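A short worksheet on the structure shown next.
The values are calculated or read from the model by the stated rules, or taken from the named source; none is laboratory data. Computed from a predicted structure; not experimentally measured. Every residue, glycine among them, receives a Cβ derived from its backbone with ideal geometry; neighbour counts consider all protein chains shown.
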Amino acid sequence: MSCNIVVLASGRGSNLRAIIKGIKDGKINGNISLVISNKKDAGALKIAKENGIEAKFYDPAFFASRRGYDIYIAERIRKENPDLVVLAGYMRILSDEFVEAFEGKLLNIHPSLIPAFQGLKAQKQAIEYGARFTGCTVHFVEKELDNGAIIIQAVVPVLPDDTEETLSERILKYEHKIYPQAIKWFCDGRIKKNGRNVIIENAKYGEVPVNPALEDF
């Protein structure tokens with residue numbers, strides 16, 4: 001049975017494009033029924049339309065509070081009866097009500113090896129801290145920002161001459177690999193979560209730079 005996915009995005013949509021490719025290539029047993037953005041000019045909306053996916057912009061300015069906006073968005077998402085809700089560059093802090101509504105089936109990707117460098121500008125944080133390595137993390141979304149149970153991470157070295165832009169671009173290449181991989185595992189029912197511990201059934205572990213190891217992307 002195909003996994004029904006809803007995607008929330010605020011930006012250019014490169015991770016959305018990678019997920020769509022994974023579906024079209026037959027690697028992800030799923031379909032995206034809806035893409036929602038809080039930005040009218042988000043590239044993700046254009047990508048969705050180009051691929052025949054329903055795309056909706058909802059303006060936060062029409063809502064009195066972040067909570068009110070999230071409640072409205074959650075109700076719209078429920079109409080899709082999703083198996084999975086994916087945050088793909090969605091630049092809003094979610095209310096507790098939204099997180100609770102989709103607990104256990106809400107994923108995010110963050111451009112660091114969490115719990116390091118949480119919040120905005122994680123790449124800049126890594127450079128300023130003098131980190132030798134950073135990367136990206138796919139994790140379950142929980143109420144505490146960028147602190148949910150980890151599904152998969154990729155390690156990226158910080159080079160001596162890196163800028164925020166160059167490091168971000170190198171990390172992004174790994175985001176495009178590990179996010180579709182995590183979604184594939186979820187849709188195949190291979191992710192088993194016990195508190196903060198996440199096990200991928202029949203996955204290879206201990207391989208660098210990704211742990212657990214990429215299989216398909």
Unique residue being modelled with pLDDT of 95 or more and in a strand (DSSP E or B) when the list is Ala48, Ala55, Ala44 | Ala55
Determine which single condition Trp185 fails, assuming it passes every other condition in (1) touching a strand residue (DSSP E or B) at 6+ places or on another chain (Cβ under 9 Å); (2) farther than 16 Å from Gln123 by Cβ; (3) in contact (Cβ under 8 Å) with a residue 40 or more places away in the chain.
-> (3)
For segment 24-50, name all the residues that are within 18 Å of Leu214 (Cα to Cα), surrounded by fewer than 22 Cβ atoms within 10 Å (Cβ to Cβ) and hydrophobic (A, V, I, L, M, F, W, C).
-> none
Quick one: how many residues across segment 56-86 are over 30 Å from Asn29 (Cβ atoms) and polar (S, T, N, Q)?
-> 1
